[in-house]
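The values are calculated or read from the model by the stated rules, or taken from the named source; none is laboratory data. Treat the numbers as computed from the prediction; the structure is a model and nothing was measured. Glycine also receives a Cβ, built like all others from the backbone with ideal geometry; neighbour counts cover every protein chain displayed. To get the accessible areas, we keep the full protein, side chains included, count just its heavy atoms, and leave off ligands, DNA and RNA. Shrake-Rupley method; radii C 1.70, N 1.55, O 1.52, S 1.80 Å.
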Amino acid sequence: MTEAQPGGAIPSTDADRRRAEAAAGHPAPIDLLGWGRIALRASGLALGLLITVPLHYLWRLLRIGSPWPKVFLGWAARFAGARVERVGVPLKRDVFYISNHLSWIDILAIAGQSGTAFVAKEEIRAAPVVGWLSVLNRTVFVKRENRMGVAEQINQLREALAENWSVTVFPEGTTTDGKSLLPFKTSMLRVLEPPPPGVLVQPVLLDYGAMGEEVGWIGVETGVDNAKRLLSRRGSFRMRVHFLDPFDPHDFPGRKAIAAESRRRIEEALVKTLGHPIRPFAYDVGPVRYEAPVPPRDGEDLPPHSPGPIAPPS
């Protein structure tokens, strides 16, 4: 008998089982062809770095706005397998992007389309390659447990917004599966209380289509294992970055109202993309105080659009 996963779902295919095992921290072995794909993609990323990093520092030395992080991150998304399509028009400056979150590839895709800086959890700084690239792109790192440093983090965020013209936050507090949307954590939206003059908020929907659950970085899977799993897979996958209509945060006073309006717009776009209502995420997420639904007992029916074979969020 196949063991049910948390949330009551039973893996129905070999791919589902492999995905659930990866999320549980037991990645499938990578064959010789998989290692070859990793080597090929890593070579492409290294070539991109060799070209763009010296140019980036040259532009900085000349005190010229550098386009090279944007160029490289777009390049990196492609070498990671993503074929990114932009939907809508990203504002070029004085904008605060608020997005759903599935994977480290999100950063490559959004930055490759807009040149934005990011707010990310402190753990990302230590991730191989991705952490260094995040520093290069002036990411603002936050520690969830560092409540005494909130004022300092807000100051860093204001500086990043002034220097980069745009900043992106992922307020769900973790990565999900592309079919769920968690409550939004509002602490890093304090920079919008009050909003800096002229700054607008633009919600962003990241849509990986049918690949969402496979791409999603969930469970206790490490960043290294996740990167190896994605870089070793065959072929490419399509993802769409939907830049939704922006709004003036002055029309929604307070960070909770801004978060609620952003989430409403993202959920509306996600439901339209999925063709059905979003489903509840199957696992507790402490940072946003989300408690997963209790799995049904034997003999009970699963609710409509119940969670599939996913594992606890990181």
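The table below gives the values:
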| item | result |
| --- | --- |
| Sulfur and carbon atoms: percent of accessible area, region 204-296 [1.4 Å] | 52 percent |
| Cα gyration tensor shape of region 241-284, rounded if a/c is under 1.5, else prolate or oblate by comparing a/b with b/c | oblate |
| Label-point separation in nm, Ile51 to Ser236, each point 7 Å along Cα→Cβ | 1.5 nm |
| Computed label-point distance, nm, for sites Val220 and Glu268 using a 7 Å Cα→Cβ extension | 4.1 nm |
| Amide H contacts under 5 Å for Val87, placed H, 5+ residues apart | Val241, His242, Phe243 |
| Rounded, prolate or oblate (a/c below 1.5 giving rounded, otherwise prolate when a/b exceeds b/c) for region 52-117 by Cα gyration tensor | oblate |
| Per-pair calculated FRET efficiency, R0 = 25 Å: Trp132 and Glu159 via Cβ, rounded to 0.05 | 0.80 |
| Solvent-accessible area per residue for region 196-284 (1.4 angstrom probe, square angstrom) | 43 Å² |
